[in-house]
Amino acid sequence: KRFKEPKEERRPWRIWFYDTSKQGIGALFIHFANVFLSDLTEEDPCSLYLINFILDATLGMLVIWLGVKVVSWFVHRKKYTYLVFGEYG
């Protein structure tokens, strides 16, 4: 994906690495948390893993989206220019 973006719109390598490694670490954490939780049940651990994954992918994303909206509103209201999401400059 990075190489399909126009050169003038690409993020610097360091920022790209920070963004992708943050997502990778979060995905690993959720994966191992789901594996740990699925071992705690006496039923089929795969079904519990699937339920946890679906909840994370739906409700978790909703919570994150709401959090970003609230923080963005607060930053805009207080005029904190250094805390604007997506601004790396």
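The values are calculated or read from the model by the stated rules, or taken from the named source; none is laboratory data. These numbers were taken from a predicted model, which means no experiment stands behind them. Every residue, glycine as well, gets a Cβ built from its backbone with ideal geometry; the counts of neighbours run over all protein chains shown. The protein model used for the area step is the full one, side chains on, heavy atoms only, and it has no ligands, DNA or RNA in it. Shrake-Rupley method; radii C 1.70, N 1.55, O 1.52, S 1.80 Å.
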Review point. For Trp13 and Arg77, FRET efficiency with R0 = 25 Å and r from the beta-carbon atoms, rounded to 0.05?
Key: 0.15
Revision key, fill the gap. Note on the chain: contact order normalised by length, alpha-carbon pairs under 8 Å, 6 or more apart, percent, works out to 15 percent
Revision key, fill the gap. One finds, for Phe32 and Val70 with R0 = 22 angstrom and r their Cβ-Cβ distance, a FRET efficiency to the nearest 0.05 of 0.15
Study note, to complete from the structure: Note, the stretch 61-73: 3J(HN,Hα) by Karplus (6.51, -1.76, 1.60, θ = phi - 60°), whole Hz, Gly/Pro = x, goes 5, 5, 5, 5, 4, 4, x, 5, 5, 5, 5, 4, 4
Exercise for review: Can you work out the accessible area per residue across the chain, with the rest of the protein chains kept in place, probe 1.4 Å, in square angstrom?
Suggested key: 92 Å²
Review point. Can you count the Lys pairs in the stretch 2-78 whose Cα atoms are under 24 Å apart, with each pair 8 or more apart or on different chains?
Key: 4
Check your understanding: If you wrap a convex hull around the Cα atoms of the chain, how much volume per residue is inside, in Å³?
Key -> 131 Å³
Point to revise | Tyr80 - accessible surface, heavy atoms, 1.4 Å probe, Å² rounded to 10 | key: 100 Å²
Point to revise | Share of carbon and sulfur in the accessible heavy-atom surface of the chain [1.4 Å probe, %] | key: 68 percent
